[in-house]
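S.K.: I have a structure here, written as structure tokens, and I will follow up with some questions on it.
The values are calculated or read from the model by the stated rules, or taken from the named source; none is laboratory data. Computed from a predicted structure; not experimentally measured. Every residue, glycine as well, gets a Cβ built from its backbone with ideal geometry; the counts of neighbours run over all protein chains shown.
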Amino acid sequence: MNNAIAVTGMGMITAIGDDVAQNYHSLLRKQHGIKPLQHIAGKHQAGTLVGEVPWTNQELVEKLGTTVPKYSSRTSLLAAIAAKEALTQAAITDLGNIPVIMGTSVAGMDIFEQYFPHLNGDRTLIQRRDVGDSASALSKLLGGNGFATAISTACSSAANAISFGARLLLSGRAERVLVGGSDALSRFTINGFDSLMLLSDKPNRPFDRNRNGLNLGEGAGFLVLESAKALEKIPKPILGYLTGFANANDAFHQTATSDSGEGAYLAMKEALTISRLAPDAIDYINAHGTATENNDRTEAIAIQRIFGDNVPSFSSTKAYTGHTLGAAAGIEAIYALLAIQHQLAFANLRFETAMEQPALQPVTDHRSSSIKHVLSNSFGFGGNCSTLIFSDAESLY
Amino acid sequence: MEELKSELKAKIIEALNLEEIAVEDIENDAPLFGDGLGLDSIDALELTVLLDKDYGIKVTDPKVGKTIFQSIDTLAHYISENRTK
Amino acid sequence: MERKYHISKHCRIDHHGVLYNGQPLSAEISTEFSIFSKAFYYSLGTTYPKFFKMDNLSKLAWLGAELLLKEELSKNIAIVLSNRSSSYDTDLKHVHAISNTEQYYPSPAIFVYTLPNVCIGEIAIRHHLQTENIFFVSEQFDSQLTVNYCNYLLNSNRAEKVLCGWVEYLEENYKLVLYLVEKTGNLAHDLNVVRQLML
């Protein structure tokens, strides 16, 4: 009981909604946000299918409703909107010295791309692009003055940010933390993933035999985590608990996962151990499910290794939002909590045929059932594999 | 064709940072991937960039790449049939 | 329960050369990293051709880790690294490639390294380490954060040992300080010692 890590606030913005409620309604209506790239399309990106937040940076600033520093990056704006929603839900009006841990991969790359041709050796703009700047920039934007750090471990960044925040609570170094991730689309990433031939020219089909790659996405997802001690002082509604978190390295290749899904397997196994839950206690898995040949096959193998013949309902919500990279685990943590809140496993869109091996089938329609514990996977380049487990507010052991 | 093959070996060594390998070390019919030179999936992608940059050939399907890159012989053959530069 | 841990090994690589447990190693010293790293790699006597495919940040991290982990038998080693410039040195190369709209040939091999934690991936692949790993990006090395994080990993048995440190590379300016934390060792694992190592 003393070690319980409670979620008291969630906030997000993605291609399918500007806040948690809008995201939930889009999920419910099976409305995805995968469309041709609009805002930053240059010669080599035109027509690329992405999960883009529909607003320009100026419109995001207006949504935020506060003044922002010059050269604020899109990543920062998305983060601020999501973080603000989370803080509001957690009834925190003054961020103060609450630690901010933020996962990101490109940080202020969009600003850098805009101004790179005109830099002429001016280094000040480079600072805004800095990953290291993003967490402190977010904290300052929200009026905070506490510890802020950025974590950059590719697609698992937000999961590691959430885990690190949890550790700050467990070690007594903080009572509340603001944790999550944000990433904006950039030509840097689109062109990079294209050079790795990982992009699909169609809307992505996670776990489908005929999947042919991912669609990149952008967005932000943040949580407020609080310790039992903090809640004793100021009780508030609890949205769920973070009951398990783990990280492992696949130690196989810089970008591909091993055929046995070793890193994924170790991360899931450890997260279950930490949560003290047996595999059959998991009711739903929000999979990493990027729809690349490699990830979905190896993740399915790892899931099978853990769950054997009793694989729970699973799906990838990247079919709705695209792969939001450093923000993914934050966004998907909220989808996991929504699944618990609404007792609903979300449909894996565009799935038709199971892979040959392993022949696992995700849920193809929203499935209503008792959902107490949800496992969420996020696997990044560099072999960085993270798993989070969320449990409902009633089911504390 | 022999000139193209030597040229390819030199280019591959440079493009893929094969520091400890010399042109003479690469046999024309030896497998490039797997045990051969120990090339991996990223190397295969670099080779598709090389095909585009130096020979004007665009390969968009990674599976096609697999057949072309089997050996220096298959690669040279494919380039001489399809090059636009 | 707060246990006391120790630093068993440490090393530093920068423009002044290479130090292992405080002792200089005879190695080629050059301000040009490409020359220095190649010479130092060969002086280690290992065979690892993939070294030459890595970007500068990964080469630097790999060399430091090779010094500390070469004779390590334990595979239960977590990795906690940080730096200031993230993967910026390689990011710039990628940006150059995609900014050239006429000669547009982005390199997949370069893009792979546009994330700082890939250097951890290279260490993990080399030494078969499947334990936890994390990469922080901050203005300066945060001794407090790293010491606390490391202690937490060891106290909670998430790992038997932890490889910690700072791996910074940007446009020929480089500095690596790595240290291995475990139950026994010559130096105490505390804030003062770590701060000293980082100076």
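S.K.: Criterion first (more than 10 Å from the chain's Cα centre (by Cα) and more than 10 Å from chain C (Cβ to nearest Cβ)) does B:I21 satisfy it?
M.R.: Judged against the criteria, B:I21 is not a match.
S.K.: Within the range C:60-67, can one find any residue that is facing chain A (nearest Cβ under 10 Å) and surrounded by fewer than 21 Cβ atoms within 10 Å (Cβ to Cβ)?
M.R.: No, there is no match, as no residue in the range C:60-67 is facing chain A (nearest Cβ under 10 Å) and surrounded by fewer than 21 Cβ atoms within 10 Å (Cβ to Cβ).
S.K.: Looking at A:A150, A:A166 in this structure, which one is over 13 Å from the mean Cα position of the chain (by Cα), more than 26 Å from C:T90 (Cβ to Cβ) and within 13 Å of chain C (Cβ to nearest Cβ)?
M.R.: A:A166
S.K.: Right, here's the next one. Just one of A:T104, A:T124 is polar (S, T, N, Q) and either at pLDDT 75 or above or under 23 Å from the mean Cα position of the chain (by Cα) (or both); which is it?
M.R.: Exactly one residue qualifies, and that residue is A:T104.
S.K.: Could you check how many residues of the range C:98-121 are within 7 Å of another protein chain (Cβ to nearest Cβ) and assigned to a helix (DSSP H, G or I)?
M.R.: 8
S.K.: Filtering the range C:123-149 down to residues that are part of a strand (DSSP E or B) and β-branched (V, I, T), which residue is nearest to the other protein chains (Cβ to nearest Cβ)?
M.R.: Out of the qualifying residues, it is C:V137.
S.K.: Going through the range A:354-385 one residue at a time, which ones are of a type in the set (V, I, T) and either within 20 Å of A:A154 (Cβ to Cβ) or assigned to a loop (DSSP other than H, G, I, E, B) (or both)?
M.R.: Hits for the range A:354-385 are A:V363, A:T364, A:I371.
S.K.: Suppose the filter is modelled with pLDDT of 90 or more, crowded, with 21+ Cβ neighbours inside 10 Å and outside any helix (DSSP H, G or I); does C:L81 pass it?
M.R.: Yes.
S.K.: Which one of these does A:H288 not meet: (1) within 16 Å of A:S378 (Cβ to Cβ); (2) facing chain C (nearest Cβ under 10 Å); (3) of a type outside the set (A, V, I, L, M, F, W, C); (4) part of a loop (DSSP other than H, G, I, E, B)?
M.R.: Of (1) within 16 Å of A:S378 (Cβ to Cβ); (2) facing chain C (nearest Cβ under 10 Å); (3) of a type outside the set (A, V, I, L, M, F, W, C); (4) part of a loop (DSSP other than H, G, I, E, B), only one is false for A:H288: (2).
S.K.: Which numbered condition in (1) within 14 Å of another protein chain (Cβ to nearest Cβ); (2) part of a strand (DSSP E or B) is the only one that C:D89 fails?
M.R.: Unmet condition: (2).
S.K.: Now for a separate question. Restricting attention to the range A:169-190, which residues are more than 11 Å from chain C (Cβ to nearest Cβ) and either out of contact with any Lys or Arg (no Cβ under 9 Å at 6 or more places or on another chain) or within 30 Å of A:Q45 (Cα to Cα) (or both)?
M.R.: A:A174, A:R176, A:V177, A:L178, A:V179, A:G180, A:G181, A:S182, A:D183, A:A184, A:L185
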